[in-house]
Amino acid sequence: MASPSPASARPQRSPDEVEDIILRKILLVSLTPPANPSPAVAYLELTAAELLSESRPLLALRDAAERLLIDRLSLPDPPAGSPTPFAYLVSAFRRAADEARKISTIRDAALRARLAASIAHLRALILSYARIVAGNPDTFPTPPGAQHPASDLLVFLLAEAADPLDPTPAPGAPPPPGFIDEFLGSADYDSIEPAMGELYELLRQSVDKVSALGDFQRPLRLLRRLVGIPNCAKALVNHPKWIPKNQIMLIGEGRVMELYSVLGAFFHVSAIRDREFASKPDVGQQCFSEASSRRPADLLSSFTTIKSVMNGLYDGLKDVLLILLKNLDTREKVLEYIAEVINKNASRSGMQVDPLKCASSGMFVNLSAVMLRLCEPFLDNMEAKKDKIDVNYLFCNNRIDFKDLTAINASSEEVSSWIESINNEHAQNNASGEARFAESQEATSSGKNSTASQLRCSKKENFSFICECFFMTSRVLNLGLMKAVSDFKHISQQLSRFEDDLESNRAVRDQGGGSPQLEQDITRLEKIVEILSQDKFCYEAQILRVCS
């Protein structure tokens, strides 16, 4: 009689047993004392006792999956160096994907469908608890010294946003395929908002005090990806640091918007020096030190590099704002943010700007370039769009205060006549008499205030986006690009004067009139000329060669 083959001698496993093996592999748990204990596999002794008390088999099946997952995450006193709950869940997601691929070879269609459904169920549980842990890291015991789960999430996101041309390598390994898309894309707002709050703060910190030559491109690509996910975009504009309310001693609200808002950190990236809150690497030192002795080709190369990175910044920020503006749930918050930046930095239009009270020139040059890019679609076709621009915005909008501006190109009589005609029009359009008064001030063409007239505005003026964007851009240009051009001229004049002084002192020394005091003066002037020369080139690189 022929002996049975090895295949026929092997007992066939039941569907429950096959499911048990797969789910235990994914969760790294055991319900029976393991013959060969492994530190990675947790023996859930209490869970096993509960199952026995319920007259249930000691098998990891779909209906017990959530209990097993919770008990695995709830193991007390995890040793230092062991995986955090979030890291464990990410690894479990990876193992679930691996097991889902393996079962595709099973011939039994019914068994294959059952296993696929069980794995999909467990995969959804893993994602759900990963969101909980990312937003509330104290939900389950965590190893001592473990970092916030949002830090791991940021590493994953930055790794996926990596580009071969980035100046630095990715900070870590990428996540399992599909994890980020499902973690963020398939979640409702309430489940994702806590995790996104910490993530956006870490993202802001990743570009804090980073200059135009630093690694801002990867975080910017990540920000653009996040705002493209509706719930993530909503979490951004609802973030406490979307419009920060910080009150910091000696720091004005305008600076706070730049230093502490999520978008402010990206707008702070610049080639123009910020002496009070310096960024690294120093563009002036790296690109324009000892410029007088450099070859023109070297300077041109530096200008080209700065132009390339700044255009990348402008395009990225324009994309971020445009995506948010196209989203009806976030548009109003974006317009509110831009208005707050303008209003809290209104004093930038003065002759002297307090650098501790106002945002930097770099931020406002960046904002000028981005706003101009947002205006491009209708500026290129101005004749067809000009009817969208309503001059009533100057007097009746509830975002930006134009009343202190004196640059209206009209006489006081012309302004008064115009206001009267507008009031008559409002009176005709509001027969019910429901109107409110808004103070407005006119100015002569020389910039002097005249007697104030009152313009009657309807209770709610609806201005088109084109109108709002046009007037916001004009105000930003006044506070940003035009102010920077003025600063550039001032630096150039200072540099010329100090260069003349330096040449005069050197001439005295060459004629034999040297002295210790003269040498000190020459050394001091050389340092000043070097600093001003670097500043001049930095301004030129950003406002003349990029924005022109």
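The values are calculated or read from the model by the stated rules, or taken from the named source; none is laboratory data. In this text, all values refer to a predicted model and were calculated from it rather than measured experimentally. Note that each Cβ is placed from the backbone with ideal geometry, even for glycine, and that neighbours are counted across all protein chains shown.
Looking only at residues of the stretch 244-255 that are surrounded by fewer than 22 Cβ atoms within 10 Å (Cβ to Cβ) and touching a residue at least 24 places away in the same chain (Cβ under 8 Å), we find that the one that is nearest to the chain's Cα centre (by Cα) is Glu253.
Residue-by-condition table, conditions (1) acidic (Asp, Glu); (2) assigned by TED's automatic domain parsing to the domain that holds Leu165; (3) closer than 22 Å to Lys209 by Cβ:
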residue	(1), (2), (3)
Asn311	no, yes, yes
Gly316	no, yes, yes
Asp329	yes, yes, no
Lys333	no, yes, no
Ile338	no, yes, no
Ala359	no, yes, yes
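If you go through the stretch 360-388 and keep only what is within 12 Å of Val476 (Cα to Cα) and of a type in the set (A, V, I, L, M, F, W, C), you end up with Met363, Phe364, Val365, Leu367, Ala369, Val370, Met371, Leu372.
Restricted to the stretch 217-285, the set of helices (runs of 4 or more DSSP H) holding at least 1 residues that are out of contact with any helix residue (DSSP H, G or I) (no Cβ under 8 Å at 6 or more places or on another chain) and either among the hydrophobic types (A, V, I, L, M, F, W, C) or more than 16 Å from Gly362 (Cα to Cα) (or both) comprises 230-237, 253-260. For Gln205, the conditions (1) in a loop (DSSP other than H, G, I, E, B); (2) surrounded by fewer than 16 Cβ atoms within 10 Å (Cβ to Cβ) all hold with the exception of (1).
Right, Arg204: assigned by TED's automatic domain parsing to the domain that holds Phe183, under 10 Å from the mean Cα position of the chain (by Cα) and more than 14 Å from Glu340 (Cβ to Cβ) or not? Yes, satisfied. Filtering Asp319, Asp282, Asp298 for residues that are acidic (Asp, Glu) and within 20 Å of Ala484 (Cβ to Cβ) leaves a single hit, Asp282. Exactly one residue among Ala97, Ala42, Ala49 is surrounded by 15 or more Cβ atoms within 10 Å (Cβ to Cβ) and free of Cβ contacts under 8 Å to residues at least 40 places away in the same chain, and that residue is Ala42. Taken over the stretch 514-548, the criterion of being basic (Lys, Arg) and farther than 15 Å from Ala271 by Cβ is satisfied by Arg524, Lys527.
Going through (1) modelled with pLDDT of 95 or more; (2) under 30 Å from Leu367 (Cβ atoms); (3) surrounded by fewer than 17 Cβ atoms within 10 Å (Cβ to Cβ) one by one, Arg497 falls short only on (2). Evaluation of Leu335 against the conditions (1) under 13 Å from Ile466 (Cβ atoms); (2) at pLDDT below 95; (3) touching a Phe, Trp or Tyr at 6+ places or on another chain (Cβ under 9 Å) shows that the sole unmet condition is (2). Determine which single condition Pro34 fails, assuming it passes every other condition in (1) surrounded by fewer than 20 Cβ atoms within 10 Å (Cβ to Cβ); (2) under 35 Å from the mean Cα position of the chain (by Cα). Among (1) surrounded by fewer than 20 Cβ atoms within 10 Å (Cβ to Cβ); (2) under 35 Å from the mean Cα position of the chain (by Cα), Pro34 violates only (2).
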